[in-house]
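Trainee: Quick one: structure below, then a few questions.
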Amino acid sequence: MPHAVSMPATGLQALILCGPGSSFPTFTSNPDENPKALLPIANRPMVWYPIDFCYRTGITSITLVCPPSAADAITAALNTNPFLTGLPHPRPDLVAPHGLDQNTGTAEILRLPEIRELVTSDFIVLPCDLVCELGGDKLLQAWMVRAVSLPDLLGDGEPPYFNGGLGVWYETKTATPIKGEETDFIATTPMPKPVVPISKDSLLPHLSYLTYSMPKDSLNDLVDEKKGFPIRHGLLRNHPRLRMLTTHRDAHIYILPKWILDFVQENERLETIGEDVIGWWAKAKWETGLSEKLGLKKVIEGRTGKAEANTSGPGNDSMTESGLLDSPKLRGHNLTSPEDFHKRHADKILGKPKDSIVPPILAYIHPSHADAPLLRRVDTAQLLLAVSLQLAKLPSVEETGFEAASPFAHAKKVAYPEGVKPRTTITRQDSLIADNVMVEEKTSIKESVIGANCQIKEGAKLFQCLLMDGVVVGKGCKLTRCILGKRSEVGEGSTLTDCEVQQNLLVEPRTEDKDNKIMSSSGLEASEQEMQEALEDFDDGDGDSALLA
């Protein structure tokens, strides 16, 4: 249900990063033919959700970034998938830089020539696995109020630059937590309270200044190494009101100023946006001398280039995580605090301060109450199933009307009622049945998502299952909390619980399995080169010994 673009363009560009999907081994074993971005979430391609987020934000300059090897598959989907062909105009562009492969870091992508040439303004970076019901226009408003410099906004784009950035984090310990979901450690400090009343739906109360950010795994390694949690005195002296969060996760929604491209270019050791770019930027607001070591001052003042060697960049022994955390007292302040950032800009509307100031990086902490808009990354099979089932519970547009419907609501719960035979049980309040699905008699479908062109044979029972397009479920099968890949088939009389079935795979009749990834063994076959090497070994030595080796 693509929403028409009804708001003025924001002037921002959007980059949607379409990664390899290594966390979906059952369904993306060949990421070039089956990229993660096209896996279905509640019967829509995964990448549809961040694209829809951009349109609802008012961003129409949208570019999908993927490795060249996956470009054909994504291009074909953009031209044929009904949810992607139904997107409003202008349609998203696809860029496949030559230097991009399945192992390229997110910050390294910003360093590629094609991306640097493409980005001409402030921009937003999104992952292809983002499902965000929150209106992005509210995020942009909060960013513009708290992190944007009016001289930069209305000026001629010349340095020095003072626009800041914004990241988004959400709570993972919800009513339906996912076991093993990644989390991050972040430390924030409160922003000044608004002097004028704000609207009830404003995001400003949920904004704070980010002072520290790192993955929880990295924090655990640091604590093990130091036999405790070291914290730098300078951080506490600059920000005595710290709030530390350990169960939240980085949503990988980043609103970034254009100058960040030069910052990444100047620091070749930065590999990821979340851990490296955002993490070092946040520290540079309070760590004495760090902005100079990172070359931030050069970037902000527009003096980028390799003339000044950056000998103390990230990764140098003098700037390890432990050094940043547990050094002695702060020896002086050469950086402006986040609160002073706005005071310095209040003197002259369009005037820029003479002294360089590290712009702020803000953290939006998404509320975790039950009726908060859905915000989740879907980067594991467990999350794919959980979020799909959660979206299946949304009332359809047919039930609520277009204006009251969620942006993720489908037109109907059962798209093709003619395919459902009599004497079947389908719990429509928590299930989704796509187009051209054939459901035979005496079947039971409860709390499940069924993709297009599936066949559910007589007597089959499905509970909390996700079926991708073209799946065939045999007569009398019992499936519980299973994910079935495209065009797979489960033989009659089978019982599967908590299983994943690879695409195009046949599960033999009367199979009983639990907690298993059912995949083809074709990937274990020897390649032609390996076969040739084996034959050469056989020819060089004794035949019998070669066979037994």
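The values are calculated or read from the model by the stated rules, or taken from the named source; none is laboratory data. Keep in mind that what you see is a predicted model, and the values were worked out from it rather than measured. Cβ placement follows ideal geometry from the backbone for every residue including glycine, while neighbour counts extend to all protein chains displayed. The area values use the complete protein model at the heavy-atom level, side chains included, leaving out ligands, DNA and RNA. Shrake-Rupley method; radii C 1.70, N 1.55, O 1.52, S 1.80 Å.
Trainee: How many nm separate the modelled label positions at Gln429 and Lys173, each set 7 Å beyond the Cα in the direction of the Cβ?
Mentor: It is 3.0 nm.
Trainee: I'd like to check one number: the per residue accessible area of region 406-500, probe 1.4 Å, reported in Å² as a whole number.
Mentor: 39
Trainee: Tell me, what HN-Hα J-couplings in whole Hz come from the Karplus equation 6.51 cos²θ - 1.76 cosθ + 1.60 at θ = phi - 60° for each residue of region 27-35, using x for Gly and Pro?
Mentor: Couplings: 10, 10, 4, 10, x, 6, 8, 10, x Hz.
Trainee: Something else: Just to check I understand the Karplus step: with θ = phi - 60° and J = 6.51 cos²θ - 1.76 cosθ + 1.60, what whole-Hz values come out for region 260-265, glycine and proline as x?
Mentor: My calculation for region 260-265 gives 5, 4, 5, 4, 5, 5 Hz in order.
Trainee: Find out how many positive minus negative residues lie around Phe53, taking Lys and Arg as positive, Asp and Glu as negative, among other residues whose Cβ is under 11 Å from that of Phe53.
Mentor: Taking every Cβ under 11 Å from that of Phe53, the sum is -2.
Trainee: Output wanted: per-residue J couplings in Hz (rounded whole) for region 273-287, from phi through Karplus 6.51 cos²θ - 1.76 cosθ + 1.60, θ = phi - 60°, x for Gly and Pro.
Mentor: 6, x, 7, 8, 5, 5, x, 5, 4, 4, 5, 5, 6, 10, 7
Trainee: Leaving out ligands, DNA and RNA, what percent of the accessible area of region 373-429 is carbon and sulfur, probe 1.4 Å?
Mentor: Roughly 52 percent of what the probe reaches on region 373-429 is carbon or sulfur.
Trainee: Multiplying the sequence separation of Ser406 and Val223 by 0.36 nm and subtracting their Cα-Cα distance, what value in nm do you get?
Mentor: That pair, Ser406 and Val223, stretches by 61.6 nm at full extension.
Trainee: Can you pick out the pairs among Lys193/Lys393; Lys412/Lys461; Lys173/Lys393; Lys138/Lys258; Lys36/Lys475; Lys216/Lys258 whose Cα atoms lie more than 26 Å from each other?
Mentor: The pairs that break the limit, which is 26 Å between Cα atoms, are Lys193/Lys393; Lys36/Lys475; Lys216/Lys258.
Trainee: Further question: What's the FRET efficiency of Gln141 with Glu117 using the Cβ-Cβ distance as r and R₀ = 35 Å, to the nearest 0.05?
Mentor: E between Gln141 and Glu117, to the nearest 0.05, is 0.75.
Trainee: So between Met438 and Met244, what do we pick up on full extension, going 0.36 nm a residue minus the alpha carbon distance?
Mentor: Result: 64.7 nm gained on full extension.
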